[in-house]
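Okay, structure first, notes after.
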């Protein structure tokens, strides 16, 4: 028959459990900090790609003032986007929430595509089908992050072979008859952003984990595995949702739905 532990032994066990719990919390904090740092690096790399691209184009056309001036203006816009991202990081570090406000995705999408066009390989073409000017409640810097991350992933999937990047923005209605069985979605009016590529595609097994932090199918040095995790977090905070489709050898399609302001 086993002897019951003394109060001293129980106290020691409790202290050990508390210490282990404290170490676990600290480890989780460090993991969260690493995720944040990686996400920041990912977003800044996207912005810097555009900045370097515009700077090179301005240098190439230095003897054509009108063209050079246009690229310099786009470079300045990219710099402002980077500055807005810094403000967002500082807001996060102060534990203050980013305050969304009514905005139209249309001009943000147009400006972001200009940035992307300047940095993608010439064997990748972009097709735009952008019509919605409806308003949503969101932060413009975060909307830019969503668009930039999705489009960057799309053209990376076509780096080797080239292809077509299609970007659409339309109003849509989700009715009771139109169900998303895997998501708890409210019916109503939404803006739908679609980013479609004709790249290598993603197999079904990996599709289940593409929104997990650090998961990536890219080679070393080509991705942090945080782009889609960042997109997922932002869209959920804006009361939207994501649908993704892909087939190996046939490309991928990502759909973002934002509720339209009434």
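Of all residues in region 110-140, those satisfying the criterion of being under 23 Å from residue 189 (Cα atoms) and surrounded by 19 or more Cβ atoms within 10 Å (Cβ to Cβ) are 132, 136, 138, 139.
Do the conditions hold for residue 79, that is, is it at pLDDT below 85, buried (at least 18 other Cβ atoms within 10 Å of the Cβ) and either within 15 Å of residue 147 (Cβ to Cβ) or in contact with a helix residue (DSSP H, G or I) (Cβ under 7 Å, 6 or more places away or on another chain) (or both)? In short, no.
Out of 211, 180, I need the residue that is at pLDDT below 85, more than 16 Å from residue 246 (Cα to Cα) and in a loop (DSSP other than H, G, I, E, B). Which one?
Details: 211 fails: more than 16 Å from residue 246 (Cα to Cα).
Testing whether each residue is at pLDDT below 85, more than 16 Å from residue 246 (Cα to Cα) and in a loop (DSSP other than H, G, I, E, B) leaves just 180.
Among the residues of region 237-251, those identified as over 27 Å from residue 189 (Cβ atoms) and in a loop (DSSP other than H, G, I, E, B) are 248, 249, 250. Residue 104 meets each of the listed conditions (1) within 25 Å of residue 45 (Cβ to Cβ); (2) at pLDDT 90 or above apart from (1). The residues in region 47-67 that are over 30 Å from the mean Cα position of the chain (by Cα), surrounded by 12 or more Cβ atoms within 10 Å (Cβ to Cβ) and part of a helix (DSSP H, G or I) can be counted, and the count is 2.
If the condition is being in contact with a strand residue (DSSP E or B) (Cβ under 9 Å, 6 or more places away or on another chain) and free of Cβ contacts under 8 Å to residues at least 40 places away in the same chain, then region 96-107 contributes 101, 104.
Counting the residues of region 216-252 that are under 22 Å from residue 164 (Cα atoms), more than 13 Å from the chain's Cα centre (by Cα) and at pLDDT below 60 gives 5.
The values are calculated or read from the model by the stated rules, or taken from the named source; none is laboratory data. Because the structure is predicted, anything quoted here is derived from the model rather than measured. We place every Cβ from the backbone using ideal geometry, glycine too, and count neighbours over all the protein chains shown.
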